[in-house]
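Read the structure below first, then the notes.
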Amino acid sequence: MTLRTLLQVIGSMLCAAVCMPAHADPALPFVLKQVGPGVYAAIDGPEHKAGSNAGFVIGDDGVLVVDAFFTPDAAKALVGEIRRLTAKPIRYVVNTHYHLDHTGGDQVLRDAGAIIVAHRNVRGWVRTENAHLFGDRVTPDLKARIAALPLPDLVTDKDLIVWLGSRKIVVRTVLGHTGGDLTISIPDAKVLFTGDMLWRRVPPNLIDGSVAEWTATDADFEQTPDAAHMTFIPGHGDVANLRDVEDFRSYLIDVRRLVAEARKAGLEGDSLAQAVTPKLRTLHPDWTISDRAAAAEVRYMADELAGTKRRPVPVP
Ligand SMILES: [Zn+2]
């Protein structure tokens, strides 16, 4: 080993101990960031190869994974990262909601030993509503993948506590994004995985949402004791803090207000989005707001205000 490679090895060892991100491997479809002792966020990269964020918690006697990405390959890469850090068994994967960008790799996690935990409505929706999610962009390949998704093994419509040995993980049912949403918190690390109840500086997908419920849930996040010292892992966008939660809630409130004003002025259809989108960009200059995302969210917001919003219905 040359002196230069020795220095590189020492440098990378030091960096592994103290640097954020914990593992920025360009071959990975996400950036792994340690956000607490044994708590990792896997943040989707700029090319969106993972499709969403995920993460995991290493406890005394096992690992709990939060969400499974869009593609099985991304989930395989996540299992690889877990295996790099610990030999403890992967015991659970908790889906924050049914959307394919959070459940697409569930089978990989199950094959790695995990029990799939989800809101009770996910079992009824994961193979049916996901086709609707993609609308006219659904391909035969995507349809086949959706039809083959594993159903959750353990479902709940109540809050749960999962113990990984002495490590407590709190799974809560929350309202707003789909009608079947869970958050996962690790109180000893002050970390909350919010799923898609929080998006950081990118417009949220309102397809199944109720903005009224959603803003109330985000207000609850802000009221959590010690919220100012918490780390929030959003469903999309980088690792967040309390200010990001406040920023996101104000974005939702702006969408609702601007769409309501434009409707009052008699606008509808495409002209609604044309009126609202530039105003959103002015109010939130540090956000990345694509025309496509803005047009969709304006349409869904208008539906909610008109009382014509289609939302998934729980299957008995
Ligand atoms: Zn979602």
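The values are calculated or read from the model by the stated rules, or taken from the named source; none is laboratory data. Quantities reported herein were computed from a predicted structural model and do not represent experimental measurements. Note that we place each Cβ from the backbone using ideal geometry, even for glycine, and neighbour counts take in every protein chain shown. Heavy atoms of the whole protein, side chains included, go into the accessibility calculation; ligands, DNA and RNA do not. Shrake-Rupley method; radii C 1.70, N 1.55, O 1.52, S 1.80 Å.
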Legend entry - Gained length - Ala293 relative to His48, 0.36 nm times residue gap less alpha-carbon distance: 86.7 nm
Inset, instruction - Arrange the peptides 238-246, 38-46, 149-157 so that the one whose residues have, on average, the most other Cβ atoms within 10 Å appears first. - result: 38-46, 238-246, 149-157
Inset, instruction - Taking every pair of Cα atoms in the range 117-173, average 1/r, invert it to obtain the Kirkwood radius, and report Rg/Rh to two decimals. - result: 1.14
Inset, instruction - Give me the net charge of Val31's neighbourhood, meaning all other residues with Cβ under 13 Å from the Cβ of Val31; Lys, Arg count +1, Asp, Glu -1. - result: -3
Legend entry - Distance histogram for the chain (every C-alpha pair counted, 10 angstrom bins, percent rounded to whole numbers): 6, 27, 34, 22, 8, 2, 0, 0
Legend entry - Cα pair distances in the range 54-169, grouped into 10 Å bins until the bin that holds the longest one, percent each: 14, 47, 29, 9, 1
Legend entry - Candidates per GluC sites (Glu not before Pro) in the range 257-316, loop by DSSP, up to 15 other Cβ within 10 Å: Glu268
Inset, instruction - Could you work out the per residue convex hull volume over the alpha carbons of the range 76-117, in cubic angstrom? - result: 65
Legend entry - P(r) tail fraction, the range 175-279 - alpha-carbon pairs more than 24 Å apart, %: 27
Legend entry - In Hz, Karplus ³J(HN,Hα) per residue of the range 109-118 (6.51, -1.76, 1.60; θ = phi - 60°; x = Gly, Pro): 5, 5, 4, 7, x, 7, 8, 8, 10, 7
Inset, instruction - Calculate the radius of gyration of the Cα atoms of the range 27-79 to one decimal place, then report Dmax, the largest Cα-Cα distance, as a whole number, both in Å. - result: 10.7, 35
Inset, instruction - Could you tell me whether the range 206-249 comes out rounded, prolate or oblate from its Cα gyration tensor? Rule is a ≥ b ≥ c as square roots of the eigenvalues, rounded for a/c under 1.5, then prolate if a/b exceeds b/c, otherwise oblate. - result: oblate
Inset, instruction - Two decimals is fine: what's Rg over Rh for the range 88-228, C-alpha atoms, Kirkwood radius as Rh? - result: 0.97
Legend entry - Separation of the His132 and Leu283 label points, Cα + 7 Å toward Cβ, nm: 2.8
Inset, instruction - State the Cα centre-to-centre distance between the range 42-67 and the range 179-203 in whole Å. - result: 12
Inset, instruction - Order Val35, Val93, most accessible first, counting only protein heavy atoms with a 1.4 angstrom probe. - result: Val35, Val93
Legend entry - Cα gyration tensor, the range 235-316 - rounded (a/c under 1.5), prolate or oblate: oblate
Legend entry - Accessible-area composition of the range 243-316, carbon plus sulfur, in percent [1.4 Å probe]: 53
Inset, instruction - With a probe of 1.4 Å, find how much accessible area the chain has per residue, and write the answer as a whole number in Å². - result: 45
Legend entry - Accessible-area ranking of Tyr92, Tyr251, largest first, probe 1.4 Å: Tyr92, Tyr251
Inset, instruction - For the chain, calculate the relative contact order in percent as a whole number, restricting contacts to Cα pairs under 8 Å that are 6 or more residues apart. - result: 13
Legend entry - Residue-span extension gain [Arg310 to Ala260] - 0.36 nm each, minus C-alpha spacing: 16.2 nm
Inset, instruction - Using only Cα atoms, tell me the angle between helix 291-306 and the longest principal axis of the chain; keep it within 0 to 90° and round to the nearest 10. - result: 60
Legend entry - Cα-based convex hull, the range 175-215, per residue volume (Å³, whole number): 72
Inset, instruction - Go ahead and collect, in residue order, the members of the range 87-126 whose backbone nitrogen is under 18 Å from a label point 7 Å along the Cα-Cβ direction of Asp188. - result: 87-92
Inset, instruction - Evaluate the charge dipole of the chain about its Cα centre and quote only its size in Debye, nearest 20, assuming +1 on the Cβ of each Lys and Arg and -1 on the Cβ of each Asp and Glu. - result: 340
